[in-house]
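Report on one structure; see the data block that follows.
The values are calculated or read from the model by the stated rules, or taken from the named source; none is laboratory data. Quantities reported herein were computed from a predicted structural model and do not represent experimental measurements. Methodologically, a virtual Cβ is constructed for each residue, glycine included, from the backbone with ideal geometry; neighbour enumeration extends over all protein chains shown.
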Amino acid sequence: DVKVTQSSRYLVKRTGEKVFLECVQDMDHENMFWYRQDPGLGLRLIYFSYDVKMKEKGDIPEGYSVSREKKERFSLILESASTNQTSMYLCASSLRVNYNEQFFGPGTRLTVL
Amino acid sequence: AQRVTQPEKLLSVFKGAPVELKCNYSYSGSPELFWYVQYSRQRLQLLLRHISRESIKGFTADLNKGETSFHLKKPFAQEEDSAMYYCAPSHGSGNTGKLIFGQGTTLQVKP
């Protein structure tokens, strides 16, 4: 069974803290993605990676960075959390040959106080 | 600029009524088009893709290139269809295949 897991379902942080969101997939997928999901705005792509140590900016990369040291793991980093980063964060992965069928994790609801 | 629009935030229908969730896109070239669905407390998942011309859970979606639309339809809505639906064109470059998600439409099917 296809599995994408995210390290936390709920996270509460304070403004200015450094925040790490972890995503792991066990499907040997090449592509991995980070989105944020906000009501009325849909899903917006933050960053994606198509290979180990490779990353590309999505539509809203400001205030975020990512790390992909291993194929199965893709981390999203908020260097200095701000209240406008309160959101639901979704991780996804896909095969290179079937790149549009993305498999999603359960999401992390991040609240920044 | 590439854009996708789902004009309805909320669509509320009674069980057994027909359903049409609208999706309009503004793309150059020929994107692939997808519908993703998120049921309550479940993960976002692929519902269907236009290229395979499939029908999943009674839903179909026809690509109208003239109108640049990809509306999702079902003749008789069921309560279990209540969910958030996202239209997602893809205009991938190379092998990365970025999807652009619409704003989403919440479908509420009342008993």
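Here is how the numbers come out for the structure above:
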quantity	calculated
Of all residues in the range A:68-112 being touching a residue at least 40 places away in the same chain (Cβ under 8 Å) and out of contact with any strand residue (DSSP E or B) (no Cβ under 8 Å at 6 or more places or on another chain), the one that is surrounded by the most Cβ atoms within 10 Å (Cβ to Cβ)	A:71
Test: residue in the range A:21-30 that is exposed (fewer than 13 other Cβ atoms within 10 Å of the Cβ) and either in contact with a Cys (Cβ under 9 Å, 6 or more places away or on another chain) or within 14 Å of residue A:72 (Cα to Cα) (or both)	yes
Answer from B:85, B:39 - the residue that is surrounded by 21 or more Cβ atoms within 10 Å (Cβ to Cβ) and within 14 Å of chain A (Cβ to nearest Cβ)	B:85
Any pair with Cβ under 9 angstrom, 6 or more apart, that starts in the range B:17-33 at a residue that is among the small types (Gly, Ala, Ser) and ends at one that is at pLDDT 95 or above and surrounded by 16 or more Cβ atoms within 10 Å (Cβ to Cβ)	B:17/B:77; B:17/B:109
Residue B:53 being surrounded by 11 or more Cβ atoms within 10 Å (Cβ to Cβ), free of Cβ contacts under 8 Å to residues at least 12 places away in the same chain and within 11 Å of chain A (Cβ to nearest Cβ)	no
For residue A:55: the one exception among (1) under 13 Å from residue A:73 (Cα atoms); (2) in contact (Cβ under 8 Å) with a residue 60 or more places away in the chain	(2)
Strands (runs of 3 or more DSSP E) completely within chain B that count 1 or more residues being out of contact with any strand residue (DSSP E or B) (no Cβ under 7 Å at 6 or more places or on another chain)	B:60-64
Any hit, the range A:56-67, residues being loosely packed, with under 14 Cβ neighbours inside 10 Å and under 23 Å from residue A:3 (Cα atoms)	no
Scope the range A:71-113; condition more than 14 Å from chain B (Cβ to nearest Cβ) and more than 21 Å from residue A:18 (Cβ to Cβ); matching residues	A:71, A:72
